[in-house]
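Any read-out appearing in this document is the output of simple, stated calculations on the displayed coordinates, not a laboratory observation. The structure displayed is predicted, hence computed values, not measured ones. Positions of Cβ are backbone-derived with ideal geometry, glycine not excepted, and every protein chain shown enters the neighbour counts.
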Amino acid sequence: MVIPRKRRKCCVESLPPVTYYKPAGIPLRELDEVKLTVEEFEALRLKDLEGLEQIECAEKMGVARTTFQRVLYAARAKIAEALVNGKALRIEGGAYIVATEKYRCSNCGREFAVHPVIKDSQLCCPDCGKNYVQRGDFQRGPGHKNGSCRRDSVIVSADRKEGPDDSEPKE
């Protein structure tokens, strides 16, 4: 008996905000469905929406480039099948974990999450590309000075780390 290898989970930045799409004007009971996994959705987001290179996408998802390519091709084929054949598209399931380390770019303010295995020195903002990012919990509201509390945050750069008292990156 051959035991297959355990499937490695992909890292996704967040879950999709909408998980179901269908052609307008056709009752749901009359539609066939195509299922897109959460990691396939993330592959489409990184490559086609964010415009990253495949190697960057693979690193963000914590998989090999060839695995990323296989996931991306499967996602594109499923999207094409749903569009061309008038099927509903459901996003659910798969082998994934949601990123847990939260960061904020000191340059543009973008907040994003990454998998904990990614080294701080490899981090760049997904929007502006700068490598000055701040790690921490960015809760807003009472007790957090409307998001300005920096007690648990650390400035991270490719060449240094500064403590929470150093509010601006030094050049």
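The distance between label points at N107 and A77 comes to 3.8 nm (points 7 Å beyond Cα on the Cα→Cβ vector). Between R7 and E92, residue separation times 0.36 nm minus the direct Cα-Cα distance comes to 28.9 nm. Based on Cα contacts under 8 Å between residues 6+ apart, the range 41-116 shows a relative contact order of 22 percent. Note on T100 and E53: the extension gain reaches 14.6 nm, defined as 0.36 nm multiplied by sequence separation minus the Cα-Cα distance.
A simple spin-label model places the labels of L31 and T66 3.7 nm from each other, with each point 7 Å out along Cα-to-Cβ. Enclosing the Cα atoms of the range 1-70 in their convex hull gives a volume equal to 134 cubic angstrom per residue.
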